[in-house]
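Chemist: Here it is, the structure, as structure tokens.
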Amino acid sequence: MKLLITAATSRLGAAAADALGKKHDLVLTDLPGKGRAGRGGTGSAVKRHELGHDASTDSLVKGLDGIVHVGYGGHEMEATPLLDYLTRCTYNLLTACLATGVRRFVYLHTLHVFDTYEPHLTVTERWKPLPGTEPPVLAAHLGEYVCREFAREHHQLEVVSLRLGFPLVDGARSAAARTKEAAALATADLALALDLAISAKLPKRWNPLHVQSPVPGARFLMTHAEEAIGYPKKASR
Amino acid sequence: MNVLVLGGNGMLGPWVVAALEGRHSLLVTDISDLKFKTTAEYRKVDAGNIRQVVAAAAGMDVVVNLSVLRHDRQLAFDVSTRGNYNMAVAAVTHGIRRLINTGPHFQLAGPNYEDHDHDLSPDMPPQPGSRLYALTKALGQEVLRVYSTRHDIYVQTLLFYNFYDPVTMRTPGGQQRIGVDLTPFSVAWQDAGEAVRLAVEIELGRLPSRCETYNVFTDLPHGKFSNSKARHQLGWQPRHFLEAAWTRR
């Protein structure tokens, strides 16, 4: 499949590129001036793009099979540009998907929207997100809001919001377990979940899914992720 | 109370200012030159500029946001979404507890509701859909809702749609509707301004939560939406029923 990955010079964007690069044909993009090396996780060149609401965004996504749009963790910016990027540019990308026939849109979000819940609670995808006002989480939450409304209204779209665990740990699931962090996500598990989110046949147009490594005492239940894309159990077999 | 009005030059601004003038000390702001007569202080402020909004909010007790931009995509996000973020940051910065937000009814009841259902209430979960105007305003409302969960801020959102001169039965676009029905979310300008005044003046302790939304339209027989919350909670009583539009000639 031919896929676009945004914020490709960020750690999460680069991890996504590493995860998908072996099986898929990737187009990497990031904002102009962002990132030092100018190369993504696979070493591929990164196309600089504003993701504006002009025809160039349509051109960027035309012919793609899917988009992986990095929400939370894609950019370290002040509140104003970050809110603008994750609302307006998400809107622009989804509008371009509609204009060019791209069906699959995967938004990378964060499980930090559930930080307020007590740790003993069985937080699944059915629970209401309770974002705080810190700009990285609030902006990412608004980006997911945009995704949800496009999925609600446009039958041709298949939208997945992967609410990712934290911290992101390089390596295998065992590395995540060693951190003793209850919501840790290993890059190997990110790769599994991302590939499934891109390629699985989805039961619904709108699919908010919880993704962390199934470490001992895992903080979040992944009931819908298992049902929708087979992560983590089916994918691990 | 000291009241900051953002977007005061818009269609609703003069009616809100008329309802508040003489009762409160007003600072009316907009990005352009003042377009109507008022004794209130006036200042040019871009609602999309966080520094300007925070500066204008110093010493205020209430912020009323009437600003909206619908057509240009960048400006729509700047004003309709981040304008509310700027207002929330200003409230936290200056300890302002009362925020009044306004917007179109479809920022909550988008086509998914309106095309299918009746008795639509302002307490439904928002389903704005993906149209630029509706979604950018809904995102702004979501920002305020989130802020109200984490800070001592009371947010009241007043939803409107069509405004009428009750004498001529004309809309701002000059369209006259007599005996041909109207959008069942319509209100006379004067009644709209009065609803904002009531939201400014209601005791915060009487509000059931820190985030309340009202459908503001006159009593209409369609049964499409419900305005009972505005009537009962704010004590709003529309004086113009626009019946010339919805009764057959």
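The values are calculated or read from the model by the stated rules, or taken from the named source; none is laboratory data. Just so we're clear, the structure is a prediction, and the values are computed from it rather than from any experiment. So basically every Cβ, Gly included, is an ideal-geometry build from the backbone, and we count neighbours across all protein chains shown.
Chemist: Could you tell me which residue of segment B:1-23 is surrounded by the most Cβ atoms within 10 Å (Cβ to Cβ), considering only residues that are more than 18 Å from the chain's Cα centre (by Cα) and in contact (Cβ under 8 Å) with a residue 24 or more places away in the chain?
Modeler: Looking at residues that are more than 18 Å from the chain's Cα centre (by Cα) and in contact (Cβ under 8 Å) with a residue 24 or more places away in the chain, I get B:2.
Chemist: Pick from A:85, A:117, A:91, A:107: which is modelled with pLDDT of 95 or more, of a type in the set (Phe, Trp, Tyr) and touching a strand residue (DSSP E or B) at 6+ places or on another chain (Cβ under 8 Å)?
Modeler: A:107
Chemist: Continuing with this model, one more query. Of (1) buried (at least 19 other Cβ atoms within 10 Å of the Cβ); (2) closer than 30 Å to residue A:64 by Cα; (3) not β-branched (Val, Ile, Thr), residue A:154 satisfies all except one. Which?
Modeler: Residue A:154 satisfies all of (1) buried (at least 19 other Cβ atoms within 10 Å of the Cβ); (2) closer than 30 Å to residue A:64 by Cα; (3) not β-branched (Val, Ile, Thr) except (1).
Chemist: Would you point out the residue of segment B:57-92, among those that are closer than 18 Å to residue B:210 by Cβ and out of contact with any strand residue (DSSP E or B) (no Cβ under 9 Å at 6 or more places or on another chain), that is nearest to the other protein chains (Cβ to nearest Cβ)?
Modeler: B:85
Chemist: State the number of residues belonging to segment A:178-201 that are in contact (Cβ under 8 Å) with a residue 12 or more places away in the chain and farther than 17 Å from residue A:111 by Cβ. Give the derivation first.
Modeler: Start the filter on segment A:178-201 by keeping residues that are in contact (Cβ under 8 Å) with a residue 12 or more places away in the chain, which leaves A:179, A:181-200.
Next, from what is left, pick out any that are farther than 17 Å from residue A:111 by Cβ: A:188, A:191, A:195-196, A:198-200.
Residues meeting the conditions: 7.
Chemist: Among the residues of segment B:26-54, what is the count of those that are outside any strand (DSSP E or B) and either within 23 Å of residue B:157 (Cα to Cα) or not aliphatic (A, V, I, L, M) (or both)?
Modeler: 18
Chemist: Let me ask something else. Limited to segment B:111-134, what total is found for residues that are surrounded by fewer than 23 Cβ atoms within 10 Å (Cβ to Cβ), within 8 Å of chain A (Cβ to nearest Cβ), assigned to a loop (DSSP other than H, G, I, E, B) and touching a residue at least 12 places away in the same chain (Cβ under 8 Å)?
Modeler: So the count comes out to 1.
Chemist: Under 18 Å from residue A:88 (Cβ atoms), within 14 Å of chain A (Cβ to nearest Cβ) and surrounded by fewer than 22 Cβ atoms within 10 Å (Cβ to Cβ), is that true of residue B:107?
Modeler: Considered against the rule, which asks whether it is under 18 Å from residue A:88 (Cβ atoms), within 14 Å of chain A (Cβ to nearest Cβ) and surrounded by fewer than 22 Cβ atoms within 10 Å (Cβ to Cβ), residue B:107 comes out as no.
Residues checked against (1) surrounded by 19 or more Cβ atoms within 10 Å (Cβ to Cβ); (2) at the interface with chain B (Cβ under 10 Å from one of its Cβ atoms); (3) touching a residue at least 12 places away in the same chain (Cβ under 8 Å); (4) more than 20 Å from residue B:136 (Cα to Cα):
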site: A:110; (1), (2), (3), (4): yes, no, yes, yes
site: A:125; (1), (2), (3), (4): yes, no, yes, yes
site: A:132; (1), (2), (3), (4): no, yes, yes, no
site: A:139; (1), (2), (3), (4): yes, yes, yes, no
site: A:146; (1), (2), (3), (4): yes, yes, yes, no
site: A:150; (1), (2), (3), (4): yes, yes, yes, no
site: A:162; (1), (2), (3), (4): yes, no, yes, yes
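Chemist: Give the residues of segment A:195-213 that are crowded, with 18+ Cβ neighbours inside 10 Å and out of contact with any strand residue (DSSP E or B) (no Cβ under 7 Å at 6 or more places or on another chain), sorted by residue number.
Modeler: A:195, A:196, A:200, listed by residue number.
Chemist: More than 20 Å from residue A:162 (Cβ to Cβ), of a type outside the set (Asp, Glu), assigned to a strand (DSSP E or B) and away from chain B (no Cβ under 14 Å): which single residue out of A:46, A:27, A:68, A:106 fits that description?
Modeler: The unique qualifying residue is A:46.
Chemist: Residue B:40 - would you say it is surrounded by fewer than 23 Cβ atoms within 10 Å (Cβ to Cβ) and not aromatic (Phe, Trp, Tyr)?
Modeler: Details: surrounded by fewer than 23 Cβ atoms within 10 Å (Cβ to Cβ): yes; not aromatic (Phe, Trp, Tyr): yes.
Considered against the rule, which asks whether it is surrounded by fewer than 23 Cβ atoms within 10 Å (Cβ to Cβ) and not aromatic (Phe, Trp, Tyr), residue B:40 comes out as yes.
Chemist: Something else now. Which one of the conditions (1) crowded, with 24+ Cβ neighbours inside 10 Å; (2) within 17 Å of residue A:141 (Cβ to Cβ) does residue A:77 fail to meet, given that it meets all the rest?
Modeler: (1) is the only condition that residue A:77 fails.
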